[in-house]
Structure formats: structure tokens, C-alpha cells
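In what follows, a structure is listed as C-alpha cells, so that the remarks can point back to it.
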Amino acid sequence: MKTISKSIALILVLGLLSSCVSNRKFLEETEARKSAQTKADQESRSRAEAESKLKETSDKLSALDKDHILVKDEYNKLKTAYGEQVELTKQKDLAHDKLQQMYKDMMELAANQKKDLDKQLSERTTILNERESELRRERDAFEKLKKDMEGKDANISDLNKYKKELEEELAGREKRIKDLESAIKDRDAQTEALRNKLYDALKGFADAGDLGVENRNGKVYVSLSQKLLFTSGSSKIDKRGLDALKSIAGVLSKSTELSILVEGHTDSDGDDKLNWDLSSSRAMSVTHELIKNGVEPARLTSAGRGEHSPKASNSDDKGKAVNRRTEIILEPKLDEIMGILNK
């Protein structure tokens, strides 16, 4: 009986062990299937994401191709516009060279006009050349920028803005050149007209060589001999000199755009200090007479130069006679020209 019970117990134990092994294997297979399904789901999602990214990349490539075509078209337009701008610049440079030649010829015909103005014009020309060099550097930078644009996305808005700034700079510089040319031409025309007016007004005093009217260095010089104005050693103006100064004042009182410098000169005879004093007194006498005949005092400057600014040699009587003179120097105001140069 005991033996039978043991056998039954053994069978039960073996059955239970067999059942446990089957259950464990079932669980392991179930877990493996779940893992495989999860892995399959992940691969499916990864494939879907890859396909979505592929489509998105394709769409971006298509959009980039379109943008590239637009950029290339815009680049070709800019290239054409730049070529036209270069041609305009060449024409401007030719016009500028022609203007410089005309200016040089004019200065030679006008007998080396105003020395101070020449210096200022030279300085401004240097500035202009520096600006042209700067502009050329900017054009070179612009060329490099265009080359960098090839095969790349370019910011067309910035390029258009930069191009517009260059065009405005060129236009402004061309306008300043034209304005300067016009102002110089107007000034010279006014100076020549003034010389003609004075010459006509003083015809009756020029027959004996006592008076001269000439353009020199952009100014009008009216030279009055001692013989016409004063007796030797005196600063009192003679009757004929008074008549001449009255005629001069009649012209100058109407030409309010002029500044007037009255300079007295002597020859080298006698004491240097006395010559200074005499030349100063004579200049003051002429200045007072011009004021008396309607010329505004604020426009007048009086100076004695003594023997130190001769017009001819003091080695003979003829030269000394030329040096004994009073000069009325008329200079147009240069505000307009200087305003253009300082822009």
C-alpha cells in the first residue's frame, strides 16, 4: 500500500514538473512573439519616418531648384545692370577728363587764376581721386560678391540696396562736378563782364597809360598810376583822379557780390618806412573816396604794400613809374564754389 502511494506521489510530482516546463516554454514563446511584433512595429514606424523625411527632402530640393533658377535670373539681371553701370561710369570718366582739360585750358587763358583757389581745387581733386579709388575698391568688392553668389543662396535685397547706394554716390558726384563747372564758368563770365564795364567806364583815363584793367588769377585788377591820382609824395587825390574814382565807384556800387581790396604801392626810392606810410595813406584816401561815392564800407579793405610788391623793375625810371600805383583788386565771392567743394 505504501509502495502504491509513493508511486502515485511520484507520478503527481512528475506531472507537475512537466506542466511547469510547458508553461515556462509557452511564456517564453509568447514573450518572443511580443518582442518580434514590437520590433516589427518599430521598423514599420522607422520606415514611415524615413519615407516622410525622404519626401520632405525631395520637396526641399525641388524648392531649392526653383530658388536657384530665380537667383540665377536675378543674377543675370544684376550682371546686365552692372555692365550698363560700368559703361555709364566710363562715359562719366571721359566727361570728367574732358572737363579737366577744359578747366586747364581756361586757367591758362585766364593767366593762372587765383592761387589760393588753385590750392583748394588741388586738395579737392585729391579727395575726389581718393573717393574714386574707394569707389573702385567697392566695385571690386561688388565683383567678388557676385562671384561668391555663384552656386550659393544670395541675399538679393542686400545686393539691390548696395547697388542703389553706389548709383546714388555716382549720381551725386556727377552732379557736384557739373555744379562746380557751371559755378566756375559763371564766375569767370561775371569777372569778364565786370572788367568790360570798368574798361568802358574808364576809357577817358587810359589814353596816357595812367590806368589799366585786367583779369588776373580770377580777380579784376584796376591799376591807377601815381600820375593820375597824386602829386609826388602826397596822398591827396587830384581832380582827374577824383573823376576816375567816381566812375569806378559807379560800377562797384552796383556790383555788391564783389569784395574790394585797395592796395597802395611805391617804387624803391627813399626810406622804406616812409614808403610804407605813403602807400598806406594813399590806399586809405582811395578807400574813403570810394565810400564817399556810394561803395559800402563793409566790402572794402585797405592796405599799404610800400615798395615790396613791384609790378616792374625798379632799376630804371620807366619801371619805377609803373610801380608807383594804387591797385583796386576786385574778387568775386567764392561761397558757391566752396559750398560745392565741401559737399
Check your understanding: Is at least one residue of segment 218-226 surrounded by 15 or more Cβ atoms within 10 Å (Cβ to Cβ), under 40 Å from the mean Cα position of the chain (by Cα), closer than 27 Å to Ala111 by Cα and of a type in the set (Val, Ile, Thr)?
Key -> yes
Review point. Looking only at segment 305-343, which residues are in a loop (DSSP other than H, G, I, E, B) and either modelled with pLDDT of 90 or more or surrounded by 15 or more Cβ atoms within 10 Å (Cβ to Cβ) (or both)?
Key: Glu307, His308, Ser309, Pro310, Lys311, Ala312, Ser313, Asn314, Ser315, Asp316, Arg324, Leu334
Practice item. For segment 141-161, indicate whether the set of residues that are of a type in the set (Ser, Thr, Tyr), at pLDDT below 75 and part of a helix (DSSP H, G or I) is non-empty. Key: yes
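From the set of residues in segment 280-304 that are of a type in the set (D, E, K, R) and crowded, with 18+ Cβ neighbours inside 10 Å, which is nearest to the chain's Cα centre (by Cα)?
Checked segment 280-304; the qualifying residue nearest to the chain's Cα centre (by Cα) is Arg299.
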Review point. Does Thr89 fit the bill of being more than 30 Å from Asn217 (Cβ to Cβ), surrounded by 14 or more Cβ atoms within 10 Å (Cβ to Cβ) and either assigned by TED's automatic domain parsing to the domain that holds Val220 or among the polar types (S, T, N, Q) (or both)?
Key: yes
Check your understanding: Does Val220 fit the bill of being assigned to a helix (DSSP H, G or I), of a type in the set (Val, Ile, Thr) and on the phi < 0 side of the Ramachandran plot?
Key -> no
Exercise for review: Identify the residue in segment 259-279 that is surrounded by 14 or more Cβ atoms within 10 Å (Cβ to Cβ) and free of Cβ contacts under 8 Å to residues at least 60 places away in the same chain and, among all such residues, is farthest from Lys292 (Cα to Cα).
Suggested key: Ser268
**Study point:** Selection from segment 249-258 of residues that are assigned to a helix (DSSP H, G or I) and farther than 9 Å from Glu289 by Cβ
**Key:** Gly250, Val251, Leu252
**Study point:** Top-ranked residue of segment 90-127 - restricted to ones that are within 23 Å of Ile329 (Cβ to Cβ) and acidic (Asp, Glu), ranked as farthest from the chain's Cα centre (by Cα)
**Key:** Glu108
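Would you point out the residue of segment 119-131, among those that are touching a residue at least 12 places away in the same chain (Cβ under 8 Å) and either hydroxyl-bearing (Ser, Thr, Tyr) or out of contact with any Phe, Trp or Tyr (no Cβ under 9 Å at 6 or more places or on another chain) (or both), that is surrounded by the fewest Cβ atoms within 10 Å (Cβ to Cβ)? Lay out the reasoning, then the answer.
Within segment 119-131, the subset touching a residue at least 12 places away in the same chain (Cβ under 8 Å) is 120-121, 124, 128, 131.
After this cut, where a residue has to be either hydroxyl-bearing (Ser, Thr, Tyr) or out of contact with any Phe, Trp or Tyr (no Cβ under 9 Å at 6 or more places or on another chain) (or both) as well, the list is 120, 124, 128, 131.
Details: Gln120: 16, Arg124: 17, Leu128: 17, Arg131: 12.
The qualifying residue surrounded by the fewest Cβ atoms within 10 Å (Cβ to Cβ) is Arg131.
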Study note, to complete from the structure: Note on Asp200: of the conditions (1) over 28 Å from Asp317 (Cβ atoms); (2) of a type in the set (D, E, K, R); (3) in a strand (DSSP E or B), unmet is (3)
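When segment 102-118 is examined, which residues are found to be hydrophobic (A, V, I, L, M, F, W, C) and either surrounded by 16 or more Cβ atoms within 10 Å (Cβ to Cβ) or part of a helix (DSSP H, G or I) (or both)?
Met102, Met106, Met107, Leu109, Ala110, Leu117, listed by residue number.
The values are calculated or read from the model by the stated rules, or taken from the named source; none is laboratory data. Keep in mind that what you see is a predicted model, and the values were worked out from it rather than measured. With ideal geometry, Cβ positions are generated from the backbone for all residues, glycine too; neighbour counts draw on all protein chains shown.
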